[in-house]
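Rule-based calculations on the coordinates, nothing more; no lab input. The shown structure was predicted, so the numbers you read here are calculated from the model rather than taken from an experiment. Positions of Cβ are generated from backbone atoms using ideal geometry, with glycine treated the same way; all protein chains shown enter the neighbour counts.
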């Protein structure tokens, strides 16, 4: 786990799906945090293949084009997971929680519409100090506007650390 005085993750990863995943990568870049992760094979997203965009964030294609294997590998290759969602009962959210439990990784579920979302991210980070933080959550079609919201939350949660 991270003992760095900077108090931010060394890396933020996600699966690169539209919505929370992509928002996490954008927010990390704004905060100056390196990014990466596994995308579904062929850089598959709900908008079709997004190879050029996802490669810019350091994502690599998973051997499988299915979403569950890349979700599990992102959980396994991280120290903790933030799940951003407005539809808490979504299949993807349930699957991510199951993988976090299976691989004994801490996680929290945050509603990006909440006024306390930035504080919740900081509290979770301060409790677990993950070197590699996985960002997961709803797709843009399930929760319109979630990508922009998550990008703002992540950049706000870690921005002060990069300005010191």
Relative exposure of 95, 8, judged by other C-beta atoms within 10 Å (fewest first): 95, 8
Going from the fewest other Cβ atoms within 10 Å to the most, one would list 11, 102 as 102, 11
For peptides 77-85, 143-151, 108-116, 54-62, sequence by mean Cβ density within 10 Å, most packed first: 77-85, 143-151, 54-62, 108-116
Helix 146-163 versus the longest principal axis of the chain: what is the Cα-based angle in degrees, 0 to 90, to the nearest 10? 30 degrees
Whole Å is fine, so just give me how far the alpha carbon centre of region 6-56 lies from that of region 115-146. 13 Å
Kindly express, to the nearest 10 degrees and within the range 0 to 90, the angle between helix 20-30's C-alpha long axis and the longest C-alpha principal axis of the chain. 40 degrees
For the chain, find the longest principal axis of its Cα atoms and tell me its angle to the long axis of helix 91-102, 0 to 90°, nearest 10. 60 degrees
Between (i) 116; (ii) 103; (iii) 93, which entry matches volume of the Cα convex hull per residue in Å³ as derived from the coordinates of this structure? (iii)
